[in-house]
């Protein structure tokens, strides 16, 4: 495994563990932190849009959103444009948790990037964006 892959894997493991530790006291998993981010930042996304943005299959997102709904964190409503499409909205319960989660994410990112200069942070963001754009492209 290359040094690049080892570093990406280490950051990913750390991030997943951190999200898990934050969400476990709520009876949730790390994936739910990402769902909280997407749903609170862009209320009304469809489950299909959540699936595409997060890179998970539709059935995984449907199961996780259903769980969040059962726990009172989200409401699903049929789209006004297409009644077959379910759009996901945060409830007050989710909106109460969101500021703490968002703050925790910001602290984590700041700690992770503290040794970088502003220029290096911009370069890193540019490089990671390019890499992310290559995901899914065929050779």
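The values are calculated or read from the model by the stated rules, or taken from the named source; none is laboratory data. Just so it is clear, the structure is predicted and the values come from calculations on it, not from any experiment. Neighbour counts run over all protein chains shown; Cβ positions are idealised from the backbone, glycine included.
Which one is farthest from residue 18 (Cα to Cα), of the residues in segment 101-121 that are at pLDDT 95 or above and surrounded by 10 or more Cβ atoms within 10 Å (Cβ to Cβ)?
120
Yes/no per residue for (1) touching a helix residue (DSSP H, G or I) at 6+ places or on another chain (Cβ under 6 Å); (2) at positive phi:
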| residue | (1), (2) |
| --- | --- |
| 37 | no, no |
| 40 | yes, no |
| 45 | no, no |
| 50 | yes, no |
| 55 | no, yes |
| 70 | no, no |
| 74 | yes, no |
| 79 | no, no |
| 82 | no, no |
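Six or more apart or on different chains, Cβ under 6 Å: which pairs go from a residue in segment 109-122 that's over 14 Å from residue 14 (Cβ atoms) to one that's surrounded by 12 or more Cβ atoms within 10 Å (Cβ to Cβ)? Could you list them?
Listed by first residue and then by second, the contacts come to 121/113.
Restricting attention to segment 81-97, report how many residues are over 15 Å from residue 20 (Cα atoms) and assigned to a helix (DSSP H, G or I). Can you show your working first?
The first filter runs over segment 81-97 and keeps only residues over 15 Å from residue 20 (Cα atoms), leaving 81-96.
So of that shortlist, the ones also assigned to a helix (DSSP H, G or I) come out as 92-96.
Going through segment 81-97 one residue at a time, the tally reaches 5.
With the requirement that a residue be closer than 24 Å to residue 24 by Cβ, surrounded by fewer than 15 Cβ atoms within 10 Å (Cβ to Cβ) and without any contact (Cβ under 8 Å) to a residue 12 or more places away in the chain, what does segment 61-98 give you?
Residues satisfying the conditions are 63, 66, 70, 92, 96.
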